[in-house]
Amino acid sequence: MTLMDLLLLLLVIAAAVAVYFFFVKSRDEGTETPRKAKNLDGVKKSAKALSAARRFAALHQYQVIAPAQIAKDGKFADLDFIIVGWFGLLCVKCVGLGGQIYGNPGDPMWLQVDAEKRISFENPMRAAEADTRLVRDTLFTANLRGIQVETVCVFTNKKATLALPRGTGHYTLKDFKALLGKSKYEQDKGVDIPQTVDAVKKWVVEG
């Protein structure tokens, strides 16, 4: 083998090594590393959503029940606040989890993934359905029937990545603020706001 042949061989090997490391780097950059979860707990998880709700309520002369954790007949509704208006009741459950959130509407448990661990938690959409039934029961007990009760689940952590199917029914903070602008929450269905607030507050417990 001549010196020229040896140099050409070394150049080919160097080029092959360079191409290999280029593709390895490209692959690694394209792989998303799960975010380290920084959860919003306590009042922090609901603060901004509650602030938006209070502004909305003041504008329409509605009332906000907060806190709104309800206990009745051995059942518990873990709500952050309830807007009571002429349209009925809009109950809000805030989720402050960070990291990556995976789940489907029909799954009993969802998954939170961060850089260090995987944590299962109860499907908040199913929990919201149960909360709706309990709030409605507080109204029935007060002989208040035919009042619309709706519960929404709001993910308030900007650090969260929501890997949820379209149509799951969840809201981000931005979505929730837009929801309050819908005309259905301005409809007058004859709800007696003070009476309804009193009926629900009877079952509210301190968190």
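Throughout, read-outs are computed from the coordinates displayed, never taken from laboratory work. Since the model is a prediction, treat every value here as computed from it, not as a measurement. Here Cβ is always computed from backbone atoms with ideal geometry, including for glycine, and neighbour counts include all displayed protein chains.
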Gyration tensor on Cα atoms of region 35-140, a ≥ b ≥ c root eigenvalues, a/c under 1.5 rounded, else prolate if a/b beats b/c, else oblate, says oblate
Restricting to Cα atoms and excluding each atom paired with itself, what does the Kirkwood estimate give for region 78-156 in Å? 13.9
Toward the positive end of the charge dipole of region 101-187, about the Cα centre and with charges on Cβ (Lys, Arg +1; Asp, Glu -1), which of Leu111, Leu139, Thr156 goes farthest? Thr156
Extension length gain for Arg133 and Lys202 (0.36 nm per residue less Cα distance), in nm, is 23.2 nm
Estimated inter-spin distance, Arg118 and Ser183, nm [label 7 Å along Cα→Cβ]: 4.7
Subtracting the Cα-Cα distance of Ile193 and Leu173 from 0.36 nm times their residue separation yields 4.6 nm
Determine the gain in length on full extension of the stretch Asn143-Gln61; use 0.36 nm per residue of separation and subtract their C-alpha separation, reporting nm with one decimal. 27.1 nm
For Lys159, counting only aspartates and glutamates whose alpha-carbon sits under 19 Å away and dropping same-chain residues fewer than eight positions off, the answer is Glu32, Asp41, Asp114, Glu116, Asp175
